[in-house]
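Read through the structure below, which is laid out as structure tokens, and then see the notes.
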Amino acid sequence: MRRRAFLTGSAALLSACASPAPQREIEGELLSTWEPTPHPVVRKMLEMAQLQPGELLYDLGSGDGRIVIAAAEEFRAQALGFEIDRDLAHLSQKAIRSKRLSRLARVVPEDLMTADYSKPDVVACYLTPEGLAKVTPKLEAEMRPGTRLVAYKFPIPGWTPVQTETMKDPDPNIPLHEIFLYHR
């Protein structure tokens, strides 16, 4: 199914502009808008998941690839990101190549609903509550015992976290950052 999604600007910005924001065609269903996860939060997510060298991490809705890149660069893990926006996936791959991480990291322009969740050791995600509700049944059906899942900002519906962390942002105008760790 083809969908058009506004990927830039906010409602206020759109109404203030004379011309509409650029549109991109997206293959599949958009389960989150892109909002980059702050770098300190990325590091904390990977630390909470106890990501080890050589393990496989999936990043759902990987955006600019920062979780995939950090997993490969800082933790020497294999990392695969799923990003439905082809432009973001392309930019992520470009960043991965520029950091010479292609042997460890990759972002594919695919719908995360097509992924095989029986393979990763760790799953990372920052999806909307609606997006989490849609992917949760697939995760429950496919994730193998022992897989760790770390979610940013929103908890997984119906799951009980084994650990929750709250981080303050240096900017007092930004709300607290919540991270949820789950074990299957």
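The values are calculated or read from the model by the stated rules, or taken from the named source; none is laboratory data. Source: prediction; values computed, not measured. Neighbour counts are summed over all protein chains in view; Cβ atoms, including those assigned to glycine, are modelled from backbone coordinates with ideal geometry.
Quick notes on this structure:
- Only one entry of Glu142, Glu130 meets the criterion of being acidic (Asp, Glu) and at pLDDT 95 or above, and that entry is Glu142.
- Among the residues of the range 147-158, those identified as touching a residue at least 24 places away in the same chain (Cβ under 8 Å) and either in a loop (DSSP other than H, G, I, E, B) or of a type outside the set (Val, Ile, Thr) (or both) are Thr147, Arg148, Leu149, Ala151, Tyr152, Lys153, Phe154, Pro155, Ile156, Pro157.
- Scanning the range 123-135 for residues that are within 21 Å of Val68 (Cα to Cα) and surrounded by fewer than 20 Cβ atoms within 10 Å (Cβ to Cβ) gives a single hit, Thr128.
- Qualifying residue in the range 11-32 (condition: at pLDDT below 95, surrounded by 12 or more Cβ atoms within 10 Å (Cβ to Cβ) and closer than 22 Å to Met167 by Cβ): yes
- Among the conditions (1) more than 18 Å from Leu51 (Cβ to Cβ); (2) more than 15 Å from the chain's Cα centre (by Cα); (3) crowded, with 19+ Cβ neighbours inside 10 Å, Leu112 misses just one, which is (2).
- Matching residues in the range 92-109 - criterion: being of a type in the set (Ser, Thr, Tyr) and over 13 Å from the mean Cα position of the chain (by Cα): Ser98, Ser102
Matching residues to (1) touching a residue at least 60 places away in the same chain (Cβ under 8 Å); (2) closer than 21 Å to Phe75 by Cα; (3) in contact with a His (Cβ under 6 Å, 6 or more places away or on another chain):
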| position | (1), (2), (3) |
| --- | --- |
| Ser102 | no, yes, no |
| Val107 | no, yes, no |
| Ala115 | no, no, no |
| Val135 | yes, no, no |
| Pro145 | no, no, no |
| Thr160 | no, no, no |
| Lys168 | no, no, no |
| Pro172 | no, no, no |
| Leu181 | yes, yes, no |
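- Residue among Gly131, Gly158 that is of a type in the set (Gly, Ala, Ser) and over 16 Å from the mean Cα position of the chain (by Cα): Gly158
- Some residue of the range 69-91 being surrounded by 14 or more Cβ atoms within 10 Å (Cβ to Cβ), among the β-branched types (Val, Ile, Thr) and either more than 13 Å from the chain's Cα centre (by Cα) or farther than 21 Å from Pro36 by Cα (or both): no
- Selection within the range 52-63 - buried (at least 19 other Cβ atoms within 10 Å of the Cβ) and not hydroxyl-bearing (Ser, Thr, Tyr): Leu57, Asp59, Leu60, Gly61, Gly63
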